[in-house]
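First the structure, in the form of structure tokens, and then the observations on it.
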Amino acid sequence: MSTAISKTVSYLAGGDTTPDWRYSNLLKQYAATQGNLHQLSWRNALLVTLQYPAATHIKSKDSWTRSGAVAQSDEHRIWIWEPIYDTACPRCGNTPAYHDKLHVDCEYHERGSPEHWRTDVVGTRPAPYFDVAQVAGGTLEADDIQSPLEGIGGKALKEICCEMASEDGYKLNTVDRRDLQDSLGQLRRSAMTLQPIIDIAAVGLPSEALSAVKYHLLADYAASGDSYGYTDEDETIAAWAAFAVGSCIGYDESHFSPKATFPVPLGGTPQSVEESLQAISETTDSYVKRLQQHAQRRKRNIL
Ligand SMILES: [Zn+2]
């Protein structure tokens, strides 16, 4: 599993030297998987992409068995890293017993009281998972079949992005595309108040909404830096995270404008690719969770 991940990361790090459609297809599949399974780490999302890219709802075999569903064939299980929970040293994160290993130089357990240590993730192990499409029978919960953003369309997504941007102190405008020199969005600051303003082009709702997600994320990057602005790398991460959020809603690439919002390659060194994948994974997860909260609030207000 580790070899498969590092081989894929090296491939993605090829940048301009990795030509062909396979490169961008792999990234699209990864981002779609990360959107559907937003709570997964980038490593596990990549493992699912490599083994079963159509996955939308995965659970361990034991979890499916508990709900009465049976995996159709063990041959097609999806192996991912599952966290192991145990008593963890507050200093080094290892179990009390692991301190006996020669290479562990933490001596905290000799002075501390391991019986009072908290339970935490102390490692990972490969575990077989199955997608909802690979199991039969049992009682499926709504969470087993629905997208976390079920029922959100382009209009709702754009309105929610507008609400979220305003919560963060940004203003979101829809403007004529000709005012944006062929781009689908821009980030600027009001000359008077210095309030960040996100302009997105009026090009059709799903594209507008995804552009709103991308520029909202860029506004966050700009606001967190020392000098207001964002880098090409930030734009790559924001674009792929917007793609992942779109996949979670059920948008395919036809909803992205190839020139202005379609995500660009990652490129760089294996380490920088890993950092980008991690940033895409974390950004997607937190954005989907926030969208979910807003969507639930809207639903409650309507009912
Ligand atoms: Zn320790």
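Using the structure shown, decide if residue 228 is crowded, with 22+ Cβ neighbours inside 10 Å and touching a strand residue (DSSP E or B) at 6+ places or on another chain (Cβ under 9 Å). In short, no. Filtered by the rule that a residue be hydroxyl-bearing (Ser, Thr, Tyr) and closer than 21 Å to residue 82 by Cβ, the range 92-122 gives 95, 98, 119. If you check 220, 144, 168 for being within 24 Å of the chain's Cα centre (by Cα), within 30 Å of residue 67 (Cβ to Cβ) and of a type outside the set (Val, Ile, Thr), only one passes: 144. For the residues 29, 39, 34, the requirement of being at pLDDT 90 or above and outside any helix (DSSP H, G or I) singles out 39.
Under 8 Å between Cβ atoms, which residue pairs at least 6 apart in sequence (or on different chains) link something in the range 263-280 that is among the β-branched types (Val, Ile, Thr) with a partner that is surrounded by 16 or more Cβ atoms within 10 Å (Cβ to Cβ) and part of a loop (DSSP other than H, G, I, E, B)? Note: pairs meeting the criteria are 269/13; 273/13; 273/266; 273/267. If you go through the range 123-140 and keep only what is crowded, with 16+ Cβ neighbours inside 10 Å and modelled with pLDDT under 90, you end up with just 140. The set of residues in the range 135-162 that are in a loop (DSSP other than H, G, I, E, B) and touching a His at 6+ places or on another chain (Cβ under 8 Å) contains only 148.
Number of residues in the range 61-76 that are touching a residue at least 12 places away in the same chain (Cβ under 8 Å) and either surrounded by fewer than 16 Cβ atoms within 10 Å (Cβ to Cβ) or touching an Asp or Glu at 6+ places or on another chain (Cβ under 6 Å) (or both): the value is 7. Under 6 Å between Cβ atoms, at least 6 apart or on separate chains: pull out the pairs that start in the range 77-91 with a residue that is more than 13 Å from residue 40 (Cβ to Cβ) and of a type in the set (D, E, K, R) and end on any residue that is within 16 Å of the ligand (Cβ to nearest atom) and in a strand (DSSP E or B). Within 6 Å, the pairs are 86/122.
One residue alone among 99, 109, 103 is over 27 Å from the mean Cα position of the chain (by Cα), surrounded by fewer than 15 Cβ atoms within 10 Å (Cβ to Cβ), more than 30 Å from residue 33 (Cα to Cα) and not hydrophobic (A, V, I, L, M, F, W, C), and that residue is 103. Mind checking whether some residue in the range 122-137 is within 13 Å of the ligand (Cβ to nearest atom) and either farther than 24 Å from residue 204 by Cβ or under 21 Å from the mean Cα position of the chain (by Cα) (or both)? Looking through the range 122-137, at least one residue is within 13 Å of the ligand (Cβ to nearest atom) and either farther than 24 Å from residue 204 by Cβ or under 21 Å from the mean Cα position of the chain (by Cα) (or both).
Residue count for the range 64-119 under the criterion of being within 9 Å of the ligand (Cβ to nearest atom), of a type in the set (Asp, Glu) and outside any loop (DSSP other than H, G, I, E, B): the result is 0. Restricting to the range 215-239, what's the tally of residues that are more than 12 Å from residue 196 (Cα to Cα) and in a loop (DSSP other than H, G, I, E, B)? Qualifying residue count for the region: 5.
The values are calculated or read from the model by the stated rules, or taken from the named source; none is laboratory data. Note that the coordinates shown come from a computational prediction; the quantities given were computed from them, not determined experimentally. We place every Cβ from the backbone using ideal geometry, glycine too, and count neighbours over all the protein chains shown.
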